[in-house]
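What follows is calculated from the coordinates using simple rules that are stated; it is not laboratory data. Worth saying up front: this structure is predicted, and the values here are computed from it rather than measured. Because the Cβ atoms are built from the backbone with ideal geometry, glycine has one as well, and the counts that use them run over all protein chains shown.
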Amino acid sequence: MFYLLRAKGYLWNHKRVYRVYVMMRLNIRRKRKRRLPARVKVPHIIPVNCNITWSMDFMQDTLISGKSFRTFNVIDDHNREALMIGIDTSLSARRIVRDLDKLIQWRGAPQVVRVDNGPEFTSAVFDSWARKHKIKICFIQPGKPTQNSLIERFNGSYRKEVLDAHLFFELNHVRDQTQTWLWNYNNVRPHKSLGYKTPVDFIVQRSKTRFASLIIDQHLRENTIFESASV
């Protein structure tokens, strides 16, 4: 900037040019593109049992007031069971790690989590959590959401049948509708990919062991899904 002005014949010194430059608030830090390590395409193989691979993703929507909120969705790739949908206005890496710890307490830890390259999943907090639980993070390639097709399919159903089907005045309304839908998704609605069985019935028939599933009760409402956001 200084040398450009000098070339045009202006004789202001560099200190004056910089002072005016700052006063006009032109000294905005240039954002650099976040560099990601090379991601190798990993075949999306359906696990032979529960708690081998979980798929995770975020969604966003707005209340009728215009205030936005986010959802954090987690499913088990084996039987497509919806394990959790966390809902709040802010879902930081620290927040989702706390929710996942609570999920692990009653479900057990997976061997692998399949995620995209969002800032929450590439953060040091999430990486540390995965190392602590000896969980492998499987990143899909940037711009390739089809590599996480199971959670994308789930997101489409959730948006069509809940987020786009209702007008929400407050977060509790979203949570109530979501909880009812989750129960129906896991325990009532047959899934074509599971031989027209529900996720819960599918795993019971396969292993004769009933994994903990989402139940509409006060304990789950207060302790597992619906905590307020904080860092």
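A few remarks follow.
- Rounded to the nearest 10 degrees, the angle from helix 14-23 to the longest Cα principal axis of the chain is 40 degrees.
- Global form of the chain, assessed from the alpha-carbon gyration tensor, a/c cut-off 1.5: prolate
- Extended-chain gain in nm, criterion 0.36 nm per residue less alpha-carbon gap, Ser90 and Arg32: 18.5 nm
- For the range 1-103, the set of trypsin sites (Lys or Arg not before Pro) satisfying both a DSSP loop assignment and a count of at most 14 other C-beta atoms within 10 Å is given as Lys8, Arg25, Arg29, Arg30, Lys31, Arg32, Lys33, Arg34, Arg35, Lys41, Lys67.
- Seen from Arg70, the other residues with C-beta closer than 9 Å to its C-beta sum to a net charge of -2, counting Lys and Arg as +1 and Asp and Glu as -1.
- Over the chain, relative contact order from alpha-carbon pairs under 8 Å, at least 6 apart, %: 20 percent
- Degrees between helix 171-187 axis and first principal axis of the chain (Cα, 0 to 90, nearest 10): 40 degrees
- Shape call, the range 119-207: gyration tensor on alpha carbons, a/c limit 1.5: oblate
- For the range 96-198, GluC sites (Glu not before Pro) are listed when DSSP marks them as loop and at most 15 other Cβ atoms sit within 10 Å of their Cβ; the list is Glu170.
- Cα-based helix-to-principal-axis angle, 124-133 vs the chain, degrees rounded to 10: 30 degrees
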